[in-house]
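These notes are about the structure you will find just below.
A short reminder: the numbers here are calculations on the coordinates, not readings from a lab. Everything numeric in this text was worked out from a predicted model, so none of it was measured. All Cβ positions, even for glycine, are placed from backbone atoms using ideal geometry, and neighbour counts span all protein chains on display.
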């Protein structure tokens, strides 16, 4: 079975920012997901994401958790998490599901 972005998003929805009770995907912290077939008949994943603040004390913990969750998906060769700070995260990046979870909808 081929790995899809939907599979990756499902895994990302299990990762949370410890200060906000919403997963990182629905918080709008994930900017890009790239799936690339690798030579070993696996798929390499690169996730470009940010955090709610550049000074987030949990930055290493969150990015390691994301990488670990991605690496446990079936068919993954390599999982890479790139933390970026542009564009700067804004609350309007929260998905409709995230807004409902935060009672903002």
Residue hits (region 65-95; assigned to a helix (DSSP H, G or I) and surrounded by 12 or more Cβ atoms within 10 Å (Cβ to Cβ)) are 65, 66, 67, 68, 69, 70, 71, 91, 93
All-but-one check, residue 31 against (1) over 11 Å from the mean Cα position of the chain (by Cα); (2) without any contact (Cβ under 8 Å) to a residue 60 or more places away in the chain, failing number (1)
In region 2-23, anything crowded, with 19+ Cβ neighbours inside 10 Å and part of a loop (DSSP other than H, G, I, E, B) is listed as 3, 15, 22
Please work out if residue 98 is surrounded by 15 or more Cβ atoms within 10 Å (Cβ to Cβ) and assigned to a helix (DSSP H, G or I). yes
